[in-house]
Amino acid sequence: MTSPTHKRVLLKVSGEALMGMRDYGLDTKTLKAIAQDVREVVALGVEVCLVIGGGNIFRGVSGAASGMDRVQADGMGMLATVMNALAMQNALEQEGVPTRVQSAIPLASLCEPFIRRRAIRHMEKGRVVIFAAGTGNPYFTTDTAAALRAAEMDCDALLKGTQVDGIYSADPRKNPQAERYETLTYLDVLARDLSVMDAAAISLARENKLPIIVFNIHEPGAFTAVMKGEGRFTTVI
Ligand code: UDP
């Protein structure tokens, strides 16, 4: 068996990735498929933590666009990520993977508060830690929360599970001429404005020399393949 290339990683999954073919909310089959992939990677001996977005339920910018106060709307967006984190916890535990949810906004009856040292201890014990409520601050995204937590947790890599198998020059589902990149620098991503993660997340990863690996979250086994250095993905370094 090929040994994993990383010891500890953070996987960012957007809320939209959890919708499956639906227009809103959560798709149980998709959650199960992602949970199975995470279980396989944990079985390789890799320590895994997750950041889940909330865009399948509510986004602060959309609330603000329809007239809400932005800070109020972002509070709702962060709570949406907590719902997704609890759903992912449920899916992982149904696969037999021990987990803890840690929220940046304390929700004592539902999950633990974010405590860095405790999160590291959980991972050392083989538990998957799901970080909920983003950074706990408005005006940020869960991409930035993912880069922040990955740096805090001393992860070897930040994995971004997307709808396609890497970073392309344009959306390959709309443009068949789109070019797929194997490797990019952080500055390439920023300069070419490639829509993979927002600029704050890319800058944070760059400052902390945290490689970003982009792969298709919907391809069964792709997460495991990436962890073995196999399969199709784009690395940003
Ligand atoms: N959010 C926030 N602060 C954070 C992370 C998220 O206010 O640190 C809010 C923001 O309103 C955002 C929503 O939570 O729109 C859902 O997160 P995001 O849009 O990043 O989810 P994704 O696109 O990954 O599903």
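Taking the stretch 10-32 as the range and being over 12 Å from the mean Cα position of the chain (by Cα) and crowded, with 18+ Cβ neighbours inside 10 Å as the test, the residues that pass are L26, T30, L31.
Remark: R180 matches the filter, which requires a residue to be of a type in the set (K, R), more than 12 Å from the ligand (Cβ to nearest atom) and modelled with pLDDT under 95. The helices (runs of 4 or more DSSP H) found wholly in the stretch 140-237 and carrying at least 2 residues that are of a type in the set (D, E, K, R) occupy 142-152, 199-207.
Taking K7 and the conditions (1) surrounded by fewer than 20 Cβ atoms within 10 Å (Cβ to Cβ); (2) touching a Cys at 6+ places or on another chain (Cβ under 8 Å), which numbered condition does it fall short on, given that it satisfies the others? Among (1) surrounded by fewer than 20 Cβ atoms within 10 Å (Cβ to Cβ); (2) touching a Cys at 6+ places or on another chain (Cβ under 8 Å), the lone unmet condition for K7 is (2).
With the condition kept exactly as written, say whether any residue in the stretch 106-118 is of a type in the set (D, E) and surrounded by fewer than 23 Cβ atoms within 10 Å (Cβ to Cβ). Within the stretch 106-118 (the criterion being of a type in the set (D, E) and surrounded by fewer than 23 Cβ atoms within 10 Å (Cβ to Cβ)), the answer is yes, since at least one residue qualifies.
Residues that are hydroxyl-bearing (S, T, Y), buried (at least 23 other Cβ atoms within 10 Å of the Cβ), touching a residue at least 60 places away in the same chain (Cβ under 8 Å) and closer than 19 Å to N208 by Cβ occur in the stretch 124-142; there is at least one. Using the structure shown, decide if T5 is within 14 Å of the ligand (Cβ to nearest atom) and more than 21 Å from T144 (Cα to Cα). No.
The values are calculated or read from the model by the stated rules, or taken from the named source; none is laboratory data. Just so it is clear, the structure is predicted and the values come from calculations on it, not from any experiment. With ideal geometry, Cβ positions are generated from the backbone for all residues, glycine too; neighbour counts draw on all protein chains shown.
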